[in-house]
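Contents: one structure, followed by commentary.
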Amino acid sequence: MPATTKTNPRLQQLYKDSIVAKTMTEFKLENAHQVPVLKKIVVNAGLGKYLDNQKLKPEVRDQFLKNFATISGQRAILIKARKAVANFKVREGNPSAVMVTMRRERMWHFLDRLINLAIPRIKDFRGVKDTAFDQGGSYSFGLTEQAVWPEINMSNSTITHGMHITMVFENSNAKMSRFVLGELGMPFVQPEEKKVKK
């Protein structure tokens, strides 16, 4: 039986074939090991507003877990509160969030669908902000509802929820991560051209 040839996800191949060299040139790096590396993507959503008397209804829990599995291709987990926070009506040990962490091929496929399918479906979209980088170069932003994912059938959804997405980089800083994500196609807000006064 002939061996099958494994192909890299499209954006991963673009990163290897083109973006690594462009980043080295842009930032005057001496070798490829200094180029930012996307290590994982974490997606999570808080459950606070869906708690009823500190309890999470099974159908709500199942809807969250199903939606996260659908968009990520892997099983999500429930995060329980480590400590009580009276202001947010959170009790220690109660479910507080749903989270999924993607690495390797799944991460690259998710990023491709995020950039090319989900984000363009945001109503009145004008670009994601390019100011949400931390010192290590990781980037975070939020989506207000799961309907932007074409794989989610909203007619079968009983709840509407957003999600927080974090792209974790290594060997990076805000400027380098911004450059790499821009080259991958992340639609950052374009600076408005200043009008020249006559």
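Remarks
- Exactly one residue out of 137, 127 is farther than 26 Å from residue 80 by Cα and surrounded by 15 or more Cβ atoms within 10 Å (Cβ to Cβ), and it is 137.
- Condition met for residue 74 (closer than 23 Å to residue 186 by Cβ, modelled with pLDDT of 85 or more and not in a helix (DSSP H, G or I)): yes
- Conditions (1) surrounded by 17 or more Cβ atoms within 10 Å (Cβ to Cβ); (2) in contact with a strand residue (DSSP E or B) (Cβ under 9 Å, 6 or more places away or on another chain); (3) at pLDDT below 85; number of the one not met by residue 15: (3)
- Annotation note: Cβ proximity below 9 Å between a residue of the range 18-31 that is under 19 Å from residue 8 (Cα atoms) and without any contact (Cβ under 8 Å) to a residue 24 or more places away in the chain and a residue that is exposed (fewer than 14 other Cβ atoms within 10 Å of the Cβ) and of a type in the set (A, V, I, L, M) (sequence gap 6+ or interchain) occurs for 20/32; 21/32.
The values are calculated or read from the model by the stated rules, or taken from the named source; none is laboratory data. Source: prediction; values computed, not measured. Cβ coordinates were reconstructed from backbone atoms using ideal geometry, including for glycine residues, and neighbour counts include every protein chain displayed.
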